[in-house]
Structures are given as C-alpha cells and as structure tokens.
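To start, the structure itself, in structure tokens.
The values are calculated or read from the model by the stated rules, or taken from the named source; none is laboratory data. Fair warning: this is a prediction, and the values are worked out from it, not measured in the lab. Every residue, glycine among them, receives a Cβ derived from its backbone with ideal geometry; neighbour counts consider all protein chains shown. With ligands, DNA and RNA removed, areas are computed over all heavy atoms of the protein, side chains included. Shrake-Rupley method; radii C 1.70, N 1.55, O 1.52, S 1.80 Å.
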Amino acid sequence: MASISAEKINAIQDIFSRKKAVIGVIHCDSFPGSPKYTGKSVADIIERALRDADNYISGGMHGLIIENHGDIPFSKPEDIGPETAALMAVITDRIRTRFDVPLGINVLANAAIPALATALAGGADFVRVNQWANAYIANEGFIEGAAAKALRYRSQLRAENIRVFADSHVKHGSHAIVADRSIKELTRDVDFFEADAVIATGQRTGDSATLSEIDEIRSATELPLLVGSGVTPDNVVEILSRTQGVIVASALKEGGVWWNDVELARVKHFMAAARVALEE
C-alpha cells in the first residue's frame, strides 16, 4: 500500500499498551444550557458518569470515551458554549484520577477544538472527531472537516501528544456532497489529513458498519482501524479479527438503550465474548 502520510507510531499500541482495545463510551447526562437539561446538579451529572466508568472498568474495558451525548439536538461547533468543555474537563479529570485508564473525548457535534481543550485540561489521551476531512450534510446541517483548524489549535497548545481518532463515512448524515468519492478515497483523505486512527460506523447510533465497509476502509490505510457503532457480543470476534479495536456503548446499557445506565453484567458478558479475538 502506497504511503499517504508520514509514518506514525501505532496509536492503539501506544495509548493502550496492547494490540487491540475495547473502549466504552460514557454518554453524559444533559448539560446545563442544553434543551433536555432539567436542573440536575453538576455533582449528580459527574456522579452518574463515574458510575458508568466504574461499571465499564470493573467489567474489563481497556479505556473510555467521554461524550456530551445528552445534549441532543447537537449544536454545530461554533454554537457550543464554553460551559460544555468546562464541565467535560471536570468529568474527565475525575474519571482519570479515580480509574487511571486511557481516555478519549468527543464533543458533539464535530467540535474538535473544544474536544482538544477538554482533553488537555482533563488529561485525556485522544479525541474522536466524526468529520475530520471533506464535508457532509448531518442532522445539524452542513458540517465541514475540522482537520486544518484543529491541528493548528493543537500545535498552539503544544498538545501533539493528544491523538486524533477520526471517522470515515461518518454516521447520522448524507455524503451526497462527496458522492463521487468512494469510501476508500474518503478514508485516504482522513489519513492524508493526519489522523492517528480511523473509525468505521453504521448509519446511526447502535448500527454496525458492514463487514464489506470495514474491509474497504482497512484496504485504504495502514492506520489503526476501529469500529465505533453496533458492536455486540455476537459480532465482536468477527469485527476484532479485522480491526484493532471497538468502541461500544448501547449494547452494554440496561435494555440495550444508549441513554440508560451501563450494566456491569453486560460488560462482563461482552468482554468474555471478545476474549478470543483479544488473545490472538
């Protein structure tokens, strides 16, 4: 495979000290200022995030991503207030202090610069950015790739140690704007714009990427590849046989519903199912 960007240290191996990683997502409650916020105290928002983190880590997960997923409907990056990054940084610091595991940040929607600020203040290791290169029509409207501004901001912060995990053919939107470019080419664009890992997803939260799409993305880049949606105990071995990691949440929540609490028994069951692939 021809090189697309300069060779990088393997981000999964470097961050997680293992070849393959299973990462749980903390879907934070609605933050102050968001439409679904009902007045819950900041202390209670933090405590719920800590409980979910405890269940993930007690069940054997290798790391966590912290998201402001309760802030539906998500704002465009330029409309997200400083209170979001401030609260996420506090949550991140509390989780890092208590559990000392690799952490990632995803500020929705596509807010790479607030995510980097949160990661720096809270001590996280990477950020997830859903639209890193190109542009698409999302639930929030027209979303442009964040790479150019985000990497310059990261340089200003002297925070090059914070890695970027970027989606290819991101969920929750239409790619008609770049319909003349294949998934393989979209993946090569993410690589060319200096992401450290690539994430494959389905069409929406809880939907898995198809195996053919995973294979197409895998053929386009030498970067670590993760699947970031729709991974279950039934498909995790097959997916991990093709990738370097999975990002999972809904399947580990009570009733399999993303807004519910993380259920320890589900996490243990999932990790038991994944063990065969993880020991390869």
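Which lysines, if any, have their Cα less than 20 Å from the Cα of Lys149, not counting same-chain residues under 8 positions apart?
Filter leaves Lys76.
Taking the full set of protein chains and a 1.4 angstrom probe, give the accessible area of Met88 in square angstrom, rounded to the nearest 10.
Using a 1.4 Å probe on the heavy atoms, I get roughly 0 Å².
What figure, in Å² to the nearest 10, do you get for the accessible area of Phe165 with a 1.4 Å probe and non-protein molecules left out?
About 0 Å², ignoring ligands and nucleic acids.
Rank these residues by their accessible area, most exposed first, probe 1.4 Å: Ser41, Ser17. Each step should come with its number before you reach the end.
On the way: Ser41 50, Ser17 95 Å².
From most exposed to least exposed: Ser17, Ser41.
Does region 1-107 come out rounded, prolate or oblate by the C-alpha gyration tensor, with a ≥ b ≥ c the root eigenvalues, rounded set by a/c under 1.5 and, if not, prolate when a/b is larger than b/c and oblate if not? Intermediate values should be presented prior to the final figure.
On the way: a/c = 2.65, a/b = 1.45, b/c = 1.83.
Here region 1-107 falls in the oblate category.
Using θ = phi - 60° and the Karplus form 6.51 cos²θ - 1.76 cosθ + 1.60, what ³J(HN,Hα) does each residue of region 20-29 get, whole Hz, x for Gly and Pro?
9, 10, 10, 10, x, 10, 8, 8, 5, 4
Within region 100-123, what residues put their amide N at less than 15 Å from the label point 7 Å along the Cα-to-Cβ vector of Lys36?
108-109
So if each residue of separation counts as 0.36 nm, and I subtract the Cα-Cα distance between Trp259 and Phe192, what length gain in nm does that give? Can you show the working numbers first?
On the way: separation 67, 0.36 × 67 = 24.12 nm, distance 3.49 nm.
Length gained, Trp259 through Phe192: 20.6 nm.
Would you mind calculating the relative contact order of region 188-271 from Cα pairs under 8 angstrom and at least 6 residues apart, reporting the percent as a whole number?
On the way: 130 pairs, mean separation 19.5, N = 84.
Relative contact order here is 23 percent.
What label, among (i) 40; (ii) 13; (iii) 9, belongs to percent of Cα pairs over 35 Å apart computed from the structure on display?
Given (i) 40; (ii) 13; (iii) 9, the structure-derived one carries the label (iii).
Take every Cα pair under 8 Å in region 1-87 that's 6+ residues apart, average their separations, divide by the length, and report that relative contact order as a whole percent.
Details: 84 pairs, mean separation 32.6, N = 87.
Computed over region 1-87, the figure is 37 percent.
Could you report the accessible area of Asp125 in Å², rounded to 10, computed with a 1.4 Å probe on the protein chains as they sit in the structure?
For Asp125, the solvent-accessible surface is approximately 50 Å².
Once you charge only the Cβ atoms, +1 for Lys and Arg and -1 for Asp and Glu, what is the size of the charge dipole of region 13-60 about its Cα centre, to the nearest 20 debye?
Values: 7 positive and 6 negative charges, 46 e Å.
Taking the Cα centre of region 13-60 as origin, the dipole is about 220 debye.
Tell me, what % of the accessible area of the chain is carbon and sulfur with a 1.4 angstrom probe? Please list the in-between numbers first.
On the way: 5880 of 11900 Å².
Roughly 49 percent of what the probe reaches on the chain is carbon or sulfur.
Given a 1.4 Å probe, how much area per residue of region 187-280 is accessible, in Å²?
Normalised by residue count, the accessible surface of region 187-280 is 41 Å².
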